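Please read the structure below before turning to the comments.
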Amino acid sequence: MKAAAFAYARATSVVNALELLAMHGDKAKVLSGGQSLMPAMNLRLLSPDILVDIGGLAELRGITVRGDVLVVGALTRHVDLLRSPEIALHARLLRDAVAHVAHPAIRNRGTIGGSLAHADPASELPACVVALDATIVVRGSAGERRIAATEFFRGIYETALLPDELLVAVEVPVAGQGSTFFFQEYARRHGDYAVVGLAARAVVAAGRFSALRLGFFAVGDRPLLAVAAGKLINATVTPALLAEAATALADELDPQEDQQATAAMRRHLAMVLLRRCVAALLARPELGMGVGK
């Protein structure tokens, strides 16, 4: 199939892009890397009247550290996240996750802002920003807003962005002492959509979690920050406690059944990932034994 007819405007600045969005409202779609938008248009899942191309706006690219915050421009490409020393040092979870995003041709053009704004519940980066307690920076005709990542995703392909707003940056707290990360997903082939995945950030001290954020994806209509993680914080993690947390996690999940997996299979795999994550982060491999492959 081919996309329905549409108009095209190439923004010359963020201000110009916002003017175009204000003019056309919800009839417009923003084009950044286009790696999710164009396939959706070709399948007629989306039929905007006009595309506002922001791909040439250098002011929305780049990775910088400002105090205790890592600022990632919305047009920063996946491949830039892979190569950035700042990302490797302060937010390694993003680097680890991006290695699982599709294939090199997609990673060379896809952008972090485009991925977050697209809000695919099976996508890696939305779960990462939730796990990292990131803030999404958006700009519109009424000014700039900062939205917690946990509040940004509203449903399948739905976010808190208003029609006249543009996602301009992501702010991530820099990793502190004792911070550690975990990322793993199940997919039929590397680069395919995830069947279930987990992005996690933890702070470990004296063999315990003083902080733990578990961002599951492909288990509902948006990334899930698991409440069950609270059972493992400031506690000595035993097999019994981990089993209790896994049962609580299963109750939180609302996975869908599709051609890739049943809801029961997704719940099982999420529980496996929880156990593997805890075992890896605490460097206690016995906690992950007997949980399947």
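Bear in mind that the values in this text are calculations on the coordinates, not laboratory data. Because the structure is predicted, anything quoted here is derived from the model rather than measured. Quick reminder, even Gly has a Cβ in these numbers, built from the backbone with ideal geometry, and neighbours come from all protein chains shown.
A compact table of results
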| read-out | value |
| --- | --- |
| Gap separating the Cα centres of the range 162-176 and the range 221-248, nearest whole Å | 28 |
| Cα→Cβ-extended label distance, 7 Å offset, between residue 10 and residue 92, nm | 4.1 |
| Likely footprinting exposure, 217, 152, fewest C-beta neighbours within 10 Å first | 152, 217 |
| Order of 222, 188, 201 - criterion: other Cβ atoms within 10 Å of each residue's Cβ, fewest first | 188, 222, 201 |
| Ranked list, fewest to most other Cβ atoms within 10 Å of each Cβ, for 193, 186, 8 | 8, 193, 186 |
| Gyration tensor verdict on the chain (Cα atoms; rounded if a/c is under 1.5, prolate if a/b is larger than b/c, oblate otherwise) | prolate |
| Mean separation of Cα contacts under 8 Å (6+ apart) over length of the range 126-216, as relative contact order % | 27 |
| Taking the C-alpha atoms of the range 7-53, convex hull volume expressed per residue in Å³ | 62 |
| Chain lengthening between residue 259 and residue 240 when straightened (0.36 nm per residue, less Cα-Cα) | 3.5 nm |
